[in-house]
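K.L.:
Once you've had a glance at the structure underneath, I'll fire off some questions.
Values quoted throughout were computed directly from the atomic coordinates according to the rules given, and no laboratory measurement underlies them. All figures in this text were calculated on a predicted structure; none of them were measured in a lab. Counting neighbours? That spans all protein chains shown, and the Cβs are built from the backbone with ideal geometry, glycine included.
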Amino acid sequence: TVPGVSSNLKQVKLDRESELRIEVSDEPLRLRVVNGTAEIFGSELPPEIWRTFPPRLKFAVFTWYGATIEMDGVTETDYTADETPMVSYVNVHAILDARRRFAKASTSTDSESPQGPRVIVVGPTDSGKSTLTKMLISWAAKQGWKPTFVDLDVGQGSITIPGSIAATPIEMPLDTVEGFPLDMALVYYYGHTTPANNVELYKTMVKELAQVLERQFLGNPESRAAGMVINTMGWIDGIGYELLLHAIETFNASVVLVLGQEKLFSMLKDVLKSKSNVDVVKLHKSGGVVARNRDYRKTARNSRIQEYFYGLSKELSPYANTSSFSDVQVFRIGGGPQAPRSALPIGSDPVSNPLRVTPVNIEERDLLHSILAVSYAEEPDQIVSSNVSGFVYVTEVDVLRKKITYLAPSPGALPSKILVAGSLTWLESH
Ligand code: ATP
């Protein structure tokens with residue numbers, strides 16, 4: 001404790017290749033590097049400068065060569081650990097780096113020429129997938145590459161609000177607090193927080209996203225050489241496993257990193273053994289990864305939505321807009337009321353078309369507190385294959401006056417009248 005400054009000031013000296021693991025309490029925490037160099041999930045902390053970390057964030061400050069860290073505030077927990085899998089992670093990075101250099105050296109417009117690595121990170125929930133993707137992305141960006149980050153996790157996505165799959169080029173190491181930038185992201189709104197709600201739709205959107213990236217890569221040798229890092233969800237059994245295989249295939253992954261599960265590793269190794277151009281690599285889970293229960297995940301999802309509209313530390317104010325029912329068209333994809341089996345011809349299947357787009361009657365369906373995506377589709381039949389420009393949050397539905405009021409992150413008219421509803425709702429709590 002430094003006398004006279006603050007009783008909560010604390011210095012921690014870290015030896016080389018060790019980390020300080022922190023769970024922020026309900027109050028923000030300030031932290032800085034006073035000596036040496038340190039990074040948070042692959043992104044270096046600038047010397048001396050205080051950064052503020054939001055409540056409940058869990059992270060580690062790692063140092064390769066030793067550092068002294070200063071913290072100001074009360075943490076939920078903080079401890080140092082000298083056993084980490086960081087060396088194995090950075091070795092993976094070195095191999096990817098070599099492949100990027102090889103791809104760059106032989107860049108030609110020929111679609112058969114070598115490409116940068118397409119890395120997919122898989123593993124059970126709480127194995128550190130998102131964290132490893134962040135490191136690989138930041139280390140690559142630090143060396144001047146512009147890798148594409150792809151997030152297929154509709155439950156705990158890192159780019160935008162839950163229920164979406166998205167991709168974004170990364171040009172600099174990630175901000176240690178803000179994470180992934182949203183301004184250049186390509187976003188598809190699936191609308192639910194688990195692929196189980198509509199597996200066909202999820203797969204279709206994954207395919208759409210992959211196709212668009214494939215086209216972008218054709219015209220952009222720099223991105224092509226840098227390759228992709230793909231984050232997946234922790235659902236790895238049954239349909240979840242099939243969806244992983246689907247993603248590996250759809251994105252033409254060349255490196256599959258399996259975190260923390262022997263069984264998944266051997267299953268993938270086995271099914272992919274006929275593909276000589278796919279490497280399946282097993283990696284240890286970090287002891288620092290914090291297991292998060294259902295409630296935590298739900299809270300984290302709500303915070304993501306709040307962050308979208310209000311900013312990370314509530315520094316933004318969203319705009320409230322009101323539209324007449326007739327000025328917007330709301331659609332939903334899949335599901336819909338199914339005809340009872342008795343009403344169908346014998347032998348037919350009552351499952352409705354998972355990709356069918358149906359208009360939502362605003363007067364009849366309760367859209368209050370729904371998150372709606374603003375689609376780039378020009379016609380309803382393009383909704384499934386269109387990405388979205390952003391989201392609005394429905395705060396009021398006035399059936400008498402036929403008006404709908406919503407929050408949007410930017411002012412003015414919506415870029416499109418076509419809105420897409422899923423099952424995602426939010427109860428604003430402040
Ligand atoms: P999910 O399947 O739910 O998406 P995941 O496998 O992607 O989970 P992460 O999100 O990477 O797991 O990690 C879980 C939590 O643990 C995160 O809050 C992350 O910041 C934290 N965490 C990861 N590694 C460390 C570490 N070394 N020290 C402290 N916290 C860590």
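K.L.:
What residue among 102, 394, 167 has its Cα farthest toward the positive end of the dipole of the chain, where the charges are +1 on Lys, Arg and -1 on Asp, Glu, each on the Cβ?
P.N.:
Result: 102.
K.L.:
Out of segment 359-410, which trypsin sites (Lys or Arg not before Pro) are coil in DSSP terms and have no more than 12 other C-beta atoms within 10 Å? Could you put the intermediate results ahead of the total?
P.N.:
Working: sites: 365, 401, 402, 403; in loops: 365, 401, 402.
Of the trypsin sites (Lys or Arg not before Pro), the ones in loops of segment 359-410 whose Cβ has at most 12 other Cβ atoms within 10 Å are 401.
K.L.:
Roughly what angle does helix 129-142 make with the longest principal axis of the chain, taking Cα atoms, 0 to 90 degrees, to the nearest 10?
P.N.:
For helix 129-142, the angle is close to 70 degrees.
K.L.:
By DSSP, what percent of the beta bridges with both residues in the chain are antiparallel, rounded to the nearest 5? Display every interim value, and only then the final one.
P.N.:
Values: 64 of 86 bridges.
Antiparallel: roughly 75 percent of the beta bridges in the chain.
K.L.:
How much net charge surrounds residue 427 when only the other residues with a Cβ under 12 Å from the Cβ of residue 427 are counted, with Lys and Arg +1 and Asp and Glu -1?
P.N.:
+1
K.L.:
For segment 151-301, rounded, prolate or oblate, judged on the Cα gyration tensor with a ≥ b ≥ c (square roots of eigenvalues), a/c < 1.5 rounded, else prolate if a/b > b/c? Mind dumping the intermediate values first?
P.N.:
Details: a/c = 1.26, a/b = 1.01, b/c = 1.24.
Rounded.
K.L.:
Would you please name the GluC sites (Glu not before Pro) within segment 189-230 that are DSSP coil residues with at most 13 other C-beta atoms within 10 Å of their C-beta?
P.N.:
Values: sites: 200, 208, 214, 222; in loops: none.
Sparse-neighbourhood loop GluC sites (Glu not before Pro): none present.
K.L.:
Quick one: net charge of residue 235's neighbours, Cβ under 13 Å, K/R +1, D/E -1? If you can, show how the numbers build up before the last one.
P.N.:
Numbers: positive: 129, 297; negative: 126, 153, 237, 242.
Around residue 235, the charge tally is -2.
K.L.:
So what is the relative contact order of the chain, in percent, for Cα pairs below 8 Å that sit 6 or more residues apart? Let's see the in-between values first.
P.N.:
On the way: 909 pairs, mean separation 60.3, N = 430.
Contact order relative to length: 14 percent.
K.L.:
Among 257, 423, 212, pick out the residue whose Cα is farthest towards the positive end of the charge dipole of the chain, where Lys and Arg carry +1 and Asp and Glu carry -1 on C-beta, about the Cα centre.
P.N.:
It is 257, whose Cα lies furthest towards the positive end.
K.L.:
Here's another thing I want to ask about it. Pick out, from 11, 92, 69, the residue whose Cα sits farthest towards the positive end of the charge dipole of segment 1-104, with +1 on the Cβ of Lys and Arg and -1 on the Cβ of Asp and Glu.
P.N.:
Value: 92.
K.L.:
Excluding residue 402 itself, calculate the net charge of residues whose Cβ lies under 13 Å from the Cβ of residue 402, where each Lys or Arg counts +1 and each Asp or Glu counts -1.
P.N.:
-3
K.L.:
Please arrange 371, 239, 383 by how many other C-beta atoms lie within 10 Å of their C-beta, fewest to most.
P.N.:
On the way: 371 27, 239 14, 383 22.
Listing 371, 239, 383 from fewest to most nearby Cβ atoms yields 239, 383, 371.
K.L.:
What ranking do 372, 45 get, fewest neighbouring Cβ atoms within 10 angstrom at the top?
P.N.:
On the way: 372 28, 45 20.
Ranking 372, 45 by Cβ neighbours within 10 Å, fewest first, gives 45, 372.
K.L.:
Classify the chain as rounded, prolate or oblate from the Cα gyration tensor: take a ≥ b ≥ c as the square roots of its eigenvalues, call it rounded if a/c is under 1.5, otherwise prolate when a/b beats b/c and oblate if not.
P.N.:
Taking the square roots of the gyration eigenvalues as a ≥ b ≥ c, the chain is oblate.
K.L.:
Same structure again: Any idea what angle helix 199-218 forms with the longest principal axis of the chain, computed on alpha-carbon atoms, 0 to 90 degrees, nearest 10?
P.N.:
On a 0 to 90 degree scale, this one is about 60.
K.L.:
If you don't mind, there's one more thing I want to ask. Need the list of lysines near residue 146 for cross-linking: C-alpha distance under 28 angstrom, and skip anything on the same chain fewer than eight residues off.
P.N.:
58, 104, 129, 134, 203, 207, 275, 282, 285
K.L.:
Assigning unit charges at the beta carbon (Lys, Arg +1; Asp, Glu -1) and nothing else, what dipole magnitude in debye, to the nearest 20, does segment 166-280 show about its Cα centre? Don't skip to the end; give the middle numbers.
P.N.:
Values: 8 positive and 14 negative charges, 80 e Å.
For this selection, approximately 380 debye.
K.L.:
For segment 1-103, which GluC sites (Glu not before Pro) are both in a DSSP coil and crowded by at most 13 other Cβ atoms within 10 Å?
P.N.:
On the way: sites: 17, 19, 23, 39, 44, 48, 70, 76, 83; in loops: 17, 48, 83.
Listed in order of number, the matching sites are 48, 83.
K.L.:
Something else: In debye, nearest 20: dipole of the chain around its Cα centre with unit charges on the Cβ of K, R (+) and D, E (-)?
P.N.:
Values: 43 positive and 49 negative charges, 103 e Å.
Magnitude of the dipole: close to 500 debye.
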